[in-house]
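The values are calculated or read from the model by the stated rules, or taken from the named source; none is laboratory data. If you're wondering where the values come from, they're calculated on a predicted model, not measured in any experiment. Every residue, glycine as well, gets a Cβ built from its backbone with ideal geometry; the counts of neighbours run over all protein chains shown.
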Amino acid sequence: MHKISKLPQVDGDLGWLETAPNSTARLGTRLKGHHEFDVVIIGAGFTGISTAIRFAEINPSARIALVDALRVGEGASGRNAGFLIDLPHNMNFAKTGVEHARSLFKLNNFAIERLRELKDRFSIPSWNDAGKYMAGHEDSNLPGLENFSGMLKHAGFKHDIVSGKDLARRLGTPYYQSAVYTSGNVLVNPAALVRGITQALPPSVTLFECSAVQGVEYGPPNKLRFLGGAITSPIIVQAINSYAEQFGKLAHRIVPIFTYASLTRPLSDEQILRHFDGVKPWGLTSSHLAGTTVRFTDDRRIFVRNTYDYLPELRASGAKLEAAFKNHRTSFEARFPFLKDVEFEYTWGGVFSMTQNHEPVFAKPEEGVYVLSGCNGVGVVKGTYLGYYMAEYMSGIDSEDLRFIMQSSKPTWIPSDPLRLIGARMRIAWEASRAKGDV
Ligand SMILES: Cc1cc2nc3c(=O)[nH]c(=O)nc-3n(C[C@H](O)[C@H](O)[C@H](O)COP(=O)(O)OP(=O)(O)OC[C@H]3O[C@@H](n4cnc5c(N)ncnc54)[C@H](O)[C@@H]3O)c2cc1C
């Protein structure tokens, strides 16, 4: 039996989940006893849920299990910054060409519209078509913004440049010099969204939460071992993000990267009146790769995300969370010196899977085994469309979009630890030193 040694845990206080209006309902049961299913999907994040919904739509008589080690909303899908990004995140036309960017844009929008339809159908709270700012504070990081704007123009993606006082008025802080604003991005409470979309799972899908796969015997048929239970199934889909390597069918393709977030308590009426009068909720990513992501949320909190880490154990210690908390305070107080007395209510960490060339893993390593990973920090939409098209691939449905995904999902080779660890930590330190005040 192939043993799974690194299991996910709750890293810190999960702010989105705790503040999500739909956080208390029980969604699934613990797996106990022996079960047989036609398909088992491991991982109930955006990727796994999307795979399950689409597979059940195409194959209504299939018996499907969707299992997760945690509760839905406790994984990275419920811990992220909540940006549903329509534009390709890492545009490099010299390497991939404009057509590649346009194809990604089409897929990202497809995923956003699919999530929007579910949001409308089930009245899922916390969805805001607010767009997104990519902003720069340091002079040295403004060329990055100009480069981004140039590429958007070249590909025909609409955007606005917002600077100086106009930008300060929109954000409620004069911290940033300039920003590229794009209107197609959506901001959500990701825990509310990922929990909400489980309502689209039909009765043919059984959801097991708090049920970690502890071992696997590859078949046929495949056998998954749980504490006090097992599942036998001819087909397994691994939609487990950075934990995919644990299952023995993916190697030398992904780098698990930890990052951290904090959420303040809601600002008072007086603080809103004094500092954010007329300011609409907004979301901002940095002009520098290692910079800080910030949001002013619908429920009047400030969200801060920064600090990257390579943690081979795939879990964050208390000391790591403490260090991230301190970094978040520094970044928060630099941007909002007038809110120094506003404390963070929640600080947490989460892991996502990076690939060297930013292409995801969409693979069938052997008969009956499918692997999805490498969402590169944009997995809310990427996981949604990859899961959708994985279900179509498994069902023999061909399309232009599926062919694009299969052709482009070729992540390049990455060495094993300790080389991967050394390389990742050096790159993280180097990028952070260059980002300076944009962290
Ligand atoms: C702080 C932070 C900010 C981010 N910001 C954004 C953002 O704004 N927009 C965006 O698109 N992306 C963002 N990301 C990345 C995004 O969260 C991921 O790309 C996305 O969650 C991937 O979805 P997934 O379903 O593939 O994986 P996950 O959400 O990680 O789901 C995989 C699931 O597998 C489960 N699992 C793992 N091992 C086992 C096992 N042995 N047995 C059973 N279950 C198991 C886990 O519990 C987990 O729930 C961010 C990530 C972090 C950490």
> Tell me, which residue of segment 360-369 that is closer than 17 Å to Tyr218 by Cβ and either among the small types (Gly, Ala, Ser) or within 11 Å of the ligand (Cβ to nearest atom) (or both) is surrounded by the most Cβ atoms within 10 Å (Cβ to Cβ)?
Replying inline: Ala363
> Looking at (1) near the ligand (Cβ under 10 Å from one of its atoms); (2) surrounded by fewer than 22 Cβ atoms within 10 Å (Cβ to Cβ), which is the one condition that is false for Val213?
Replying inline: (2)
>> For Glu74, only one of the following conditions fails: (1) farther than 21 Å from Thr19 by Cα; (2) of a type in the set (Asp, Glu); (3) near the ligand (Cβ under 7 Å from one of its atoms). What is its number?
In response: (1)
> Got at least one residue in segment 182-199 being among the hydrophobic types (A, V, I, L, M, F, W, C), within 28 Å of Ile53 (Cα to Cα) and assigned to a loop (DSSP other than H, G, I, E, B)?
Replying inline: no
>> Looking only at residues that are within 11 Å of the ligand (Cβ to nearest atom) and of a type outside the set (Asp, Glu) in segment 200-210, which one is nearest to Ala52 (Cα to Cα)?
In response: Phe208
>> Show the residue pairs meeting these rules: Cβ distance below 8 Å; 6+ apart or different chains; first residue within segment 235-246 and in contact (Cβ under 8 Å) with a residue 40 or more places away in the chain; second residue of a type in the set (D, E, K, R).
In response: Ile235/Asp38; Gln238/Lys249; Tyr243/Lys6; Gln246/Lys6
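Here's the yes/no breakdown for (1) out of contact with any strand residue (DSSP E or B) (no Cβ under 8 Å at 6 or more places or on another chain); (2) surrounded by fewer than 20 Cβ atoms within 10 Å (Cβ to Cβ); (3) not basic (Lys, Arg):
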| residue | (1), (2), (3) |
| --- | --- |
| Cys375 | no, no, yes |
| Val380 | no, no, yes |
| Tyr385 | yes, no, yes |
| Met390 | no, no, yes |
| Lys410 | yes, yes, no |
| Leu419 | yes, yes, yes |
| Ile428 | no, yes, yes |
>> Show the residue pairs meeting these rules: Cβ distance below 9 Å; 6+ apart or different chains; first residue within segment 32-55 and within 13 Å of Phe208 (Cα to Cα) and among the charged types (D, E, K, R); second residue near the ligand (Cβ under 10 Å from one of its atoms) and part of a strand (DSSP E or B).
In response: Lys32/Phe226
>> Looking only at segment 239-256, filter to residues that are within 9 Å of the ligand (Cβ to nearest atom) and of a type outside the set (A, V, I, L, M); which one of those is nearest to Val39 (Cα to Cα)?
In response: Phe247
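Have a look at Leu70, Leu84 and point out the one that is in contact (Cβ under 8 Å) with a residue 40 or more places away in the chain, within 26 Å of Ser286 (Cα to Cα), surrounded by 19 or more Cβ atoms within 10 Å (Cβ to Cβ) and of a type in the set (A, V, I, L, M).
Details: Leu70 fails: within 26 Å of Ser286 (Cα to Cα).
Unique residue meeting the criteria: Leu84.
Taking segment 281-318 on its own, how many of its residues are assigned to a loop (DSSP other than H, G, I, E, B) and under 13 Å from Ser262 (Cα atoms)? Break it down into steps so the answer makes sense when it comes.
Within segment 281-318, the subset assigned to a loop (DSSP other than H, G, I, E, B) is 281, 287-292, 297-301, 310-317.
Cutting the leftovers down to under 13 Å from Ser262 (Cα atoms) gives us 292, 297, 301.
The qualifying residues number 3.
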> Conditions: (1) within 10 Å of the ligand (Cβ to nearest atom); (2) buried (at least 24 other Cβ atoms within 10 Å of the Cβ). Ile4 meets all but one. Number of the miss?
Replying inline: (2)
>> Tally up the residues in segment 370-419 that are touching a Ser or Thr at 6+ places or on another chain (Cβ under 9 Å), within 11 Å of the ligand (Cβ to nearest atom) and not in a helix (DSSP H, G or I), please.
In response: 6
> Out of all the residues in segment 124-134, is one or more more than 16 Å from the ligand (Cβ to nearest atom) and in contact (Cβ under 8 Å) with a residue 12 or more places away in the chain?
Replying inline: yes
>> As an exercise: evaluate Phe122 against (1) buried (at least 18 other Cβ atoms within 10 Å of the Cβ); (2) over 18 Å from the mean Cα position of the chain (by Cα); (3) more than 25 Å from Ala334 (Cα to Cα) and give the number of the one condition it does not meet.
In response: (1)
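Per-residue answers, yes or no, for (1) modelled with pLDDT of 95 or more; (2) out of contact with any helix residue (DSSP H, G or I) (no Cβ under 9 Å at 6 or more places or on another chain); (3) of a type in the set (A, V, I, L, M); (4) surrounded by fewer than 20 Cβ atoms within 10 Å (Cβ to Cβ):
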site: Ile302; (1), (2), (3), (4): yes, no, yes, no
site: Asn306; (1), (2), (3), (4): yes, no, no, no
site: His328; (1), (2), (3), (4): yes, yes, no, no
site: Glu345; (1), (2), (3), (4): yes, no, no, yes
>> For segment 114-147, give me each residue that is more than 28 Å from Gly164 (Cα to Cα), out of contact with any strand residue (DSSP E or B) (no Cβ under 7 Å at 6 or more places or on another chain) and polar (S, T, N, Q).
In response: Ser123
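Any idea which residue in segment 54-67 is nearest to Val188 (Cα to Cα), counting only those that are more than 13 Å from the ligand (Cβ to nearest atom) and either crowded, with 24+ Cβ neighbours inside 10 Å or of a type in the set (S, T, N, Q) (or both)? So that I can check it myself, show each step before the final result.
So in segment 54-67, the residues more than 13 Å from the ligand (Cβ to nearest atom) come out as 54-64.
After this cut, where a residue has to be either crowded, with 24+ Cβ neighbours inside 10 Å or of a type in the set (S, T, N, Q) (or both) as well, the list is 55, 59, 61, 64.
Numbers: Phe55: 25, Asn59: 30, Ser61: 33, Ile64: 28 Å.
Applying the filter and picking the extreme gives Phe55.
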>> The conditions are (1) surrounded by fewer than 16 Cβ atoms within 10 Å (Cβ to Cβ); (2) within 30 Å of Glu367 (Cα to Cα); (3) in contact with a strand residue (DSSP E or B) (Cβ under 9 Å, 6 or more places away or on another chain), and Ser183 fails exactly one of them. Which is it?
In response: (2)
>> If I filter segment 319-359 down to residues being charged (D, E, K, R) and part of a helix (DSSP H, G or I), which single residue comes out as farthest from the ligand (Cβ to nearest atom)?
In response: Glu333
> Has segment 286-300 got any residue that is modelled with pLDDT of 95 or more, of a type in the set (Lys, Arg) and surrounded by 16 or more Cβ atoms within 10 Å (Cβ to Cβ)?
Replying inline: yes
